[in-house]
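Here is the structure we will look at, set down as structure tokens.
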Amino acid sequence: MGEPFSTDIQVRFRDIDSMNHVNNAVYVSYLEQARSEFFREVLDERLDRVDTVIARQDVEYRHPIDLGEAVRVDLEVTRLGDSSLTMRYEVYAGDDLAATAESVQVAYDREAGRSKPLPDAWRERIENR
């Protein structure tokens with residue numbers, strides 16, 4: 001659905017583990033940061049102010065990321081469901097594909113305790129991107 005959305009990530013010293021590369025759990029934080037930027041720039045929403053939950057998230061690690069490397073996350077919405085959107089990610093360290101990932105985010109009604117339809121405005125912005 002359109003061109004991938006890209007976010008540059010700064011690797012911080014605290015991201016590095018005892019193997020001297022970015023810890024595997026930090027990759028998920030990089031995905032979250034890309035998702036947050038996508039919501040802000042594409043959907044005109046702050047991720048911390050919308051009612052959504054992550055229903056699934058899978059990461060495949062391909063190449064380590066070292067301190068000081070330029071990191072970029074490309075994000076693409078691959079599916080719009082009634083209440084969910086599926087996002088595919090590619091995480092690059094320089095020119096090397098460091099990881100691929102996929103997440104499913106669900107619009108959530110806190111009071112009812114269940115999913116709710118995606119807002120029409122989100123659907124429009126994603127489809128017209």
Which of the following residues is under 24 Å from Ile126 (Cα atoms) and within 10 Å of the chain's Cα centre (by Cα): Glu41, Glu3, Glu37, Glu45? Glu37
Given the structure, is Tyr30 hydroxyl-bearing (Ser, Thr, Tyr), part of a strand (DSSP E or B) and surrounded by 12 or more Cβ atoms within 10 Å (Cβ to Cβ)? no
If Glu111 passes every condition in (1) over 24 Å from Ile126 (Cα atoms); (2) in contact with a strand residue (DSSP E or B) (Cβ under 6 Å, 6 or more places away or on another chain) but one, which one does it miss? (2)
Qualifying positions in the range 1-60 - acidic (Asp, Glu), more than 24 Å from Tyr108 (Cβ to Cβ) and at pLDDT below 95: Glu3, Asp17
Just give me the residues in the range 67-93 being at pLDDT below 95 and either touching a strand residue (DSSP E or B) at 6+ places or on another chain (Cβ under 9 Å) or of a type in the set (A, V, I, L, M) (or both), in sequence order. Leu67, Glu69, Ala70
Residue list for the range 5-27, filter: touching a strand residue (DSSP E or B) at 6+ places or on another chain (Cβ under 7 Å), outside any strand (DSSP E or B) and buried (at least 16 other Cβ atoms within 10 Å of the Cβ): Val11, Asp15, Tyr27
Among the residues in the range 64-80, are any out of contact with any Ser or Thr (no Cβ under 6 Å at 6 or more places or on another chain) and without any contact (Cβ under 8 Å) to a residue 40 or more places away in the chain? no
List every residue pair whose Cβ atoms sit under 8 Å apart, with the two residues 6 or more apart in sequence or on different chains, where the first one lies in the range 20-49 and is under 12 Å from Tyr61 (Cβ atoms) and the second, anywhere, is among the acidic types (Asp, Glu) and part of a helix (DSSP H, G or I). Val22/Asp15; Asn23/Asp15; Val26/Asp15
Taking the range 33-47 and keeping residues surrounded by fewer than 13 Cβ atoms within 10 Å (Cβ to Cβ) and either in contact with a Pro (Cβ under 9 Å, 6 or more places away or on another chain) or not in a loop (DSSP other than H, G, I, E, B) (or both) leaves Arg40, Glu41
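The values are calculated or read from the model by the stated rules, or taken from the named source; none is laboratory data. A quick note: this is a predicted structure, and the numbers were derived from the prediction, not measured. Here the Cβ is made from the backbone with ideal geometry for all residues, glycine too, and neighbour counts use every protein chain on show.
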